[in-house]
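These notes are about the structure you will find just below.
The values are calculated or read from the model by the stated rules, or taken from the named source; none is laboratory data. The shown structure was predicted, so the numbers you read here are calculated from the model rather than taken from an experiment. Glycine also receives a Cβ, built like all others from the backbone with ideal geometry; neighbour counts cover every protein chain displayed. Heavy atoms of the whole protein, side chains included, go into the accessibility calculation; ligands, DNA and RNA do not. Shrake-Rupley method; radii C 1.70, N 1.55, O 1.52, S 1.80 Å.
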Amino acid sequence: MQKLQAGIHHFQANYFATHRRLFEELSEKGQRPETLFITCCDSRVVPDLITSAGPGELFTVRNVGNIVPSVTRGLVGGVSAAIQYAVEVLEVAGIIVCGHTQCGAIDAILQPERVTHLTFLSQWLAESAQIPRLIAERYGHLEGEARRLAAVEENVLVQLENLRSFDFVSRRLEAGSLKMNGWVFEIATGAVHDYDPVTEQFVQLGEPPA
Ligand SMILES: [Zn+2]
């Protein structure tokens, strides 16, 4: 806690002091973020840091496993509410679902028996219960880390599909006023991979980290 308090002081004396006008403008005019960023709770994934985004740029939704509950499953919750607000009120131009390597949620989705005693967690991760079957069908030849990465990637793609189940998302996708991307952040290297629906591959964005 003391470290965080010192951090607040550092922020106010440095970043805030040099960006005072920006915060005043955001306060007066409200937010107009261009992107809804959906990612995992994992503390190693820091959306504003990895995208160099400033205050007011990313409308961020975080949850265990960067999951978007499908409308068809009927689960109403904070994630669906935030998506509706971002798309219908803030009118974001893009939605990014960002998974990451070494995701504990993915490990639990692949081995649900490991979390059966954690009632809330296992119910939540059941939203991605189709992942183990998908991995067995499509990536049966992969093992270890490669299999885990395939599960991280497939989980991102499932959430993009679930996003389409919201009528206000599918309408804007069809109208061409909304774009969706699926990313995977690689913790050890800082690399970000973006799903290319044409080649059906995740392709590295930007310059490869040195
Ligand atoms: Zn995670």
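Couple of notes before you dig in:
- Residues (out of contact with any Gly (no Cβ under 7 Å at 6 or more places or on another chain) and under 20 Å from Gly182 (Cβ atoms)) located in the range 107-123: Asp107, Leu110
- Within the set Ile109, Ile135, the sole residue that is among the β-branched types (Val, Ile, Thr), farther than 28 Å from Leu58 by Cβ and crowded, with 18+ Cβ neighbours inside 10 Å turns out to be Ile135.
- The criterion of at least 2 residues that are of a type in the set (A, V, I, L, M), within 26 Å of Gln201 (Cβ to Cβ) and free of Cβ contacts under 8 Å to residues at least 60 places away in the same chain is met, among helices (runs of 4 or more DSSP H) falling completely within the range 82-188, by 104-110, 131-138, 144-164.
- Listed by first and then second residue, the pairs linking a residue in the range 41-55 that is in the same structural domain as Leu121 (by TED's automatic domain parsing) to a residue that is within 14 Å of the ligand (Cβ to nearest atom) and open to solvent by 30 Å² or more (accessible area, probe 1.4 Å), with Cβ atoms under 7 Å apart and 6 or more places separating them unless they lie on different chains, are Cys41/Arg62; Cys41/Val64; Arg44/Ile187.
- Residue list for the range 5-16, restricted to those being open to solvent by 60 Å² or more (accessible area, probe 1.4 Å) and either within 26 Å of Asn63 (Cα to Cα) or touching a residue at least 60 places away in the same chain (Cβ under 8 Å) (or both): Gln5, Ile8, Phe11
- Phe185 being open to solvent by less than 40 Å² (accessible area, probe 1.4 Å) and under 16 Å from Cys40 (Cα atoms): yes
- For beta carbons closer than 7 Å, sequence separation of 6+ or different chains, a first residue in the range 17-31 that is assigned to a helix (DSSP H, G or I) and a second that is open to solvent by less than 60 Å² (accessible area, probe 1.4 Å) and hydrophobic (A, V, I, L, M, F, W, C), the qualifying pairs are Phe23/Phe16.
- The set of residues in the range 65-106 being within 22 Å of Ala129 (Cβ to Cβ), away from the ligand (no atom under 14 Å from the Cβ) and out of contact with any helix residue (DSSP H, G or I) (no Cβ under 8 Å at 6 or more places or on another chain) consists of Thr72, Gly74, Val76, Gly77, Gly78, Val79.
- Unmet criterion (only one of (1) within 16 Å of the ligand (Cβ to nearest atom); (2) under 21 Å from Tyr195 (Cα atoms); (3) not basic (Lys, Arg)) for Glu137: (1)
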